[in-house]
Amino acid sequence: MAVDSTIRAALLRRGLNKTADAFSITPQDLRKKIFKRPRKNLIIFVVDASDSMGQGTFARMKAAKGAALAILAKARLGRHRIAMVAFRDKFAEVVLQPTASLSLAQKSLKTLATGGATPFAHGLMRAWKMVKTERVKDPEIKPLFVVISDGEANVPYESRKKTTEVMAELFFIAEKIGRDRIASLVIDTKPPWEKTADMEKLSESLGGTYHHLYSLKAKNVVAFIAEAGSPPI
């Protein structure tokens, strides 16, 4: 029982009833506490670990990891759960199941190796499947993708697709994910002088927010994580 609310209701009733001789609590005054579990973000890092991310003496991947680690540190403030999907070679894999452990997330990111082709669509699909699984456990979760890549997809999700159809397939899958109430933060790791429109288009397809790695501001990321937990329905 919510004692303070019950007493307040009784006092208000007594104040309205001028004939009341003494303070009393009636059944109509009783109030109960309702506990509401706060909705938290499930932040899924979808990280490109292909060979192109390791080019330039690993400078690109190093910078991407640095940005992700900064986001992880900020995410801890809200006690969000964190997961990580890495895609490289032919498929994507879950390198970190949803956890509230910052140290586990940092370890998974720091030890992430690079190499092979870029199965970008596989990465998005694997992260999407994770969201579906977690929604069964908790329908109230607020999923957020943090997609980190240079956008050089070259492996189709459907094997029958041609190489020339890879990007169209990627954008199609991204649109389906965007319609599933999943917020997205897309981080482009291409050097500014090599930047293409692919990652911006991917962000548009996801209905997300685009940032370039070299102009990423921590305060913007923090604000996005705080607000993106309630994606439009």
### Task
Just need a number here: residues in the range 138-165 that are basic (Lys, Arg) and within 16 Å of Ile44 (Cα to Cα).
1
### Summary
Per the filter on the range 12-53, residues of a type outside the set (Lys, Arg), loosely packed, with under 13 Cβ neighbours inside 10 Å and modelled with pLDDT under 70 are Gly15, Leu16, Asn17, Thr19, Ala20, Asp21, Ala22, Phe23, Ile34, Phe35, Pro38
### Message
Checking the structure you have, find out if any residue of the range 144-164 is aliphatic (A, V, I, L, M) and either more than 18 Å from Ala86 (Cα to Cα) or surrounded by fewer than 17 Cβ atoms within 10 Å (Cβ to Cβ) (or both).
### Response
no
### Message
On the basis of being outside any helix (DSSP H, G or I), closer than 25 Å to His80 by Cα and among the polar types (S, T, N, Q), does Ser184 make the cut?
### Response
yes
### Query
In the list Asp89, Asp138, which residue meets the criterion of being at positive phi, in the same structural domain as Lys62 (by TED's automatic domain parsing) and surrounded by fewer than 18 Cβ atoms within 10 Å (Cβ to Cβ)?
Asp89
### Query
Quick one: would you say Met84 is of a type outside the set (Ser, Thr, Tyr), in a strand (DSSP E or B) and in the same structural domain as Met199 (by TED's automatic domain parsing)?
yes
### Query
How many residues does the range 125-179 hold that are out of contact with any helix residue (DSSP H, G or I) (no Cβ under 9 Å at 6 or more places or on another chain), under 23 Å from Leu109 (Cβ atoms) and part of a helix (DSSP H, G or I)?
5
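The values are calculated or read from the model by the stated rules, or taken from the named source; none is laboratory data. Computed from a predicted structure; not experimentally measured. Please note: Cβ atoms are built from the backbone with ideal geometry, for glycine as well, and neighbour counts cover all protein chains shown.
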